[in-house]
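Right, one structure below, let's go through it.
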Amino acid sequence: MEHKKIVLEYEALAHDELFDTDAELVKKAMGATYRGYAPYSHFNVGAAILLSNGVIVEGANQENVAYPSGTCAERSACFYAHARYPEAKFEKIAIAARGTDGEFISEPVAPCGACRQALLEYEMLAGKPVMVYLVGREKVYRIPSVISLLPLAFTEF
Ligand SMILES: [Zn+2]
């Protein structure tokens, strides 16, 4: 038997350590939380994706009374981005959330498993790592790629 280990290396940055496009992307993800439709969970999530054409596409969670019919911010953003700009490659994505008290959550928010799988598809289409920014109130985690959040992923059949 062989023991193996999966290690995730990432950076924890203060908000004022983000510059230019990174700062803008995080700000847009935070702004998108105010356009979430979350009457059931009251957990508002926003996502912003930087595309290779320079456009930043935003998404927010969209809940539904039939719970599984709704979708997360990350998937609302990535499906719209690829439907609107199918030729553009994903470069970076930022994800932010506000909790039931309306405040940005203290610990950086992470995408659910389904969103990791969906985002991975676009990272594969891009042919290079898509940087992921997980936004918290004080810290932003900079993750080097989507695949690093979904080791041993299902990628082909
Ligand atoms: Zn999700």
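The values are calculated or read from the model by the stated rules, or taken from the named source; none is laboratory data. Treat the numbers as computed from the prediction; the structure is a model and nothing was measured. FYI the Cβ positions are ideal-geometry reconstructions off the backbone, even for glycines, and counts take in every protein chain you see.
Some values worked out for this structure:
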quantity: Selected residue (only one of Ala12, Ala48 is within 12 Å of the chain's Cα centre (by Cα), over 22 Å from Pro68 (Cα atoms) and at pLDDT 95 or above); calculated: Ala48
quantity: Index of the failed condition, Pro129 passing every other in (1) under 24 Å from Pro151 (Cα atoms); (2) of a type outside the set (Lys, Arg); (3) loosely packed, with under 15 Cβ neighbours inside 10 Å; (4) touching a Ser or Thr at 6+ places or on another chain (Cβ under 6 Å); calculated: (3)
quantity: Residues being in a loop (DSSP other than H, G, I, E, B) and free of Cβ contacts under 8 Å to residues at least 12 places away in the same chain - total across region 22-48; calculated: 0
quantity: Pair list, Cβ < 6 Å and 6+ apart or interchain, from region 110-131 residues that are touching a residue at least 40 places away in the same chain (Cβ under 8 Å) and among the hydroxyl-bearing types (Ser, Thr, Tyr) to residues that are assigned to a strand (DSSP E or B) and more than 9 Å from the ligand (Cβ to nearest atom); calculated: Tyr122/Phe90
quantity: Test: residue in region 88-97 that is modelled with pLDDT of 95 or more, in a loop (DSSP other than H, G, I, E, B) and farther than 22 Å from Arg137 by Cα; calculated: yes
quantity: Pairs, first at negative phi in region 84-101, second modelled with pLDDT under 95 and surrounded by 11 or more Cβ atoms within 10 Å (Cβ to Cβ), C-beta under 6 Å, six or more apart; calculated: Ile95/Val109; Ala97/Val109
quantity: Residue, nearest to Ala110 (Cα to Cα), within region 57-87, restricted to residues that are among the charged types (D, E, K, R) and more than 16 Å from the ligand (Cβ to nearest atom); calculated: Arg84
quantity: Residue count for region 134-157, restricted to those that are closer than 18 Å to Val7 by Cα and not aliphatic (A, V, I, L, M); calculated: 6
quantity: Hits in region 106-142 - residues which are hydrophobic (A, V, I, L, M, F, W, C), part of a strand (DSSP E or B) and within 21 Å of Ala88 (Cβ to Cβ); calculated: Met131, Val132
